[in-house]
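The next block holds one structure in the form of structure tokens; read it before the comments.
The values are calculated or read from the model by the stated rules, or taken from the named source; none is laboratory data. Bear in mind that the values here come from a model prediction, so they are computed numbers and not experimental data. Note that we place each Cβ from the backbone using ideal geometry, even for glycine, and neighbour counts take in every protein chain shown.
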């Protein structure tokens with residue numbers, strides 16, 4: 001029997017409960033993995049609340065990604081073998097908050113031997129989203145200026161690091177000076193506290209009225225509206241989330257006049273539709289990690305049985321960087 005944190009009804013983090021379940025042996029093309037750490041992400045909250053685009057049947061475990069060791073392989077598995085340490089893209093259809101999980105081998109990815117379990121557990125979603133957004137969708141080039149809205153979260157910090165590694169000038173926004181101090185250490189060239197600074201005015205000052213080449217937005221609301229106002233002609237606005245809860249309306253006239261692009265960033269869908277490109281991106285991200293240009297920033301860890309506390313901390317914006325559950 002293994003412990004799994006699962007959701008039986010929609011609601012806040014408090015609806016989660018710990019079950020003990022018998023784990024099935026892997027079928028053809030599947031692997032069974034003993035987990036050592038699981039990542040906590042904003043989509044986990046949305047899944048609990050029934051607001052995420054993918055809605056698995058009850059009961060489900062809301063975790064999206066994890067790391068662990070393969071303990072059994074089903075027939076036909078050739079890329080991995082028992083004993084391999086792998087990162088997993090679980091969610092939300094496979095148990096992402098658990099002691100062990102059985103899932104298709106195609107959902108496993110190589111893990112760097114240099115990474116700790118805590119680093120590896122939270123690598124795939126944030127850096128995968130950052131790469132898919134900035135490179136696949138945004139075509140960010142060295143020398144361009146990019147604004148990362150919501151830069152103190154897991155995806156935000158990953159985007160700051162990656163944009164800097166790609167040679168961009170990075171403007172980062174967050175909601176406190178303490179968080180921005182940390183973001184600065186991650187590579188941001190300029191910072192904006194959106195709780196008391198005028199984001200639109202500061203963006204125009206920092207770009208000398210030339211405007212932003214790229215805006216990577218995880219926040220929505222006022223931050224999105226500021227990015228739209230400050231975007232350069234033919235600039236790219238990347239929509240990666242709405243953590244503010246404000247789904248801003250878009251004045252199409254600004255998009256038309258500036259010739260700007262409004263581009264959705266959906267790493268989860270991309271990974272399903274383009275699995276080989278996702279693996280190529282993942283391998284390039286590991287290369288950047290190996291040479292020290294990327295470094296996962298983990299703000300806090302909790303044991304697995306405190307998943308509710310971890311999600312509450314995420315919901316209340318108590319933590320800069322990633323939150324990880326240790327198994």
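Just to confirm my filter: which helices (runs of 4 or more DSSP H) fall fully inside the range 208-283 and include at least 3 residues that are over 24 Å from the mean Cα position of the chain (by Cα) and either surrounded by 13 or more Cβ atoms within 10 Å (Cβ to Cβ) or at pLDDT below 95 (or both)?
252-258
How about the range 90-105: which of its residues are in a loop (DSSP other than H, G, I, E, B) and surrounded by fewer than 24 Cβ atoms within 10 Å (Cβ to Cβ)?
Passing the criteria: 92, 93, 94, 99.
Tally up the residues in the range 284-304 that are in a loop (DSSP other than H, G, I, E, B) and either free of Cβ contacts under 8 Å to residues at least 24 places away in the same chain or farther than 12 Å from residue 123 by Cα (or both), please.
Here is the first cut: in the range 284-304, the residues in a loop (DSSP other than H, G, I, E, B) are 291-297.
Remaining after also requiring either free of Cβ contacts under 8 Å to residues at least 24 places away in the same chain or farther than 12 Å from residue 123 by Cα (or both): 291-293.
Total satisfying the criteria: 3.
Taking the options 187, 167, 143, name whichever one is closer than 22 Å to residue 230 by Cα, outside any strand (DSSP E or B) and out of contact with any strand residue (DSSP E or B) (no Cβ under 9 Å at 6 or more places or on another chain).
Answer to the check: 167.
Being within 17 Å of the chain's Cα centre (by Cα), assigned by TED's automatic domain parsing to the domain that holds residue 27 and touching a residue at least 12 places away in the same chain (Cβ under 8 Å) is true for just one of 76, 96, 83. Which residue is that?
When all the criteria are applied, what remains is 96.
Quick one: in the range 106-127, of everything that is part of a strand (DSSP E or B) and in contact with a helix residue (DSSP H, G or I) (Cβ under 9 Å, 6 or more places away or on another chain), which residue is modelled with the lowest pLDDT? Step through it out loud before you land on a result.
In the first step, residues of the range 106-127 are kept if they are part of a strand (DSSP E or B); the result is 108-110.
This time we only want the ones that are in contact with a helix residue (DSSP H, G or I) (Cβ under 9 Å, 6 or more places away or on another chain), so: 109-110.
Working: 109: 95, 110: 89.
Within the range 106-127, the match that is modelled with the lowest pLDDT is 110.
Which of the residues that make up the range 50-68 are crowded, with 16+ Cβ neighbours inside 10 Å and either assigned to a strand (DSSP E or B) or free of Cβ contacts under 8 Å to residues at least 24 places away in the same chain (or both)?
Residues satisfying the conditions are 60, 65, 66, 67, 68.
Look at the range 19-46 and say how many of its residues are surrounded by 15 or more Cβ atoms within 10 Å (Cβ to Cβ), touching a residue at least 12 places away in the same chain (Cβ under 8 Å) and outside any loop (DSSP other than H, G, I, E, B).
Residues meeting the conditions: 17.
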